[in-house]
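Trainee: One structure, as C-alpha cells, below. Some questions next.
Nothing in this text is a laboratory measurement; each read-out follows from the coordinates by a stated rule. Just so we're clear, the structure is a prediction, and the values are computed from it rather than from any experiment. Don't worry about glycine lacking a Cβ; one is built from the backbone with ideal geometry, like all the others, and counts go over all protein chains shown.
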Amino acid sequence: SVLIAVTDNSPRIPGRCAMPDGEAEAGRGLALLRLFGVRVSWDVDGDGRKRTRAVVPGATDGRRL
C-alpha cells in the first residue's frame with residue numbers, strides 16, 4: 001500500500017465529491033481517489049489546517065515494480 005497525505009490551510013470538511021466540469025482547474029483529486037475505491041480520511045489539526053490521507057492498495061497479483 002501507498003499512503004498519500006496532503007495538508008492545506010482550509011478547515012473545510014471534504015464533502016461528497018462530484019467531478020467538476022471539463023474546464024475546471026481543480027476539484028478532481030478526491031473524486032478520482034473515491035472512483036478507484038481508495039480509502040480516504042481527514043482531520044483538522046490545532047492550527048485549523050486540514051490533513052487529507054488516502055491509502056492506495058498495492059498490487060494483488062504478487063508482482064513487484
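Trainee: Give me the distance in nm between label points sitting 7 Å out from Cα along the Cα-to-Cβ direction at SER10 and ARG49, one decimal.
Mentor: 1.7 nm
Trainee: Around VAL56, with a cut-off of 14 angstrom between Cβ atoms, what is the net charge of the other residues, counting Lys and Arg +1 and Asp and Glu -1? Before the final figure, lay out the partial values.
Mentor: On the way: positive: ARG34, ARG39, ARG53; negative: none.
Charge balance near VAL56 sits at +3.
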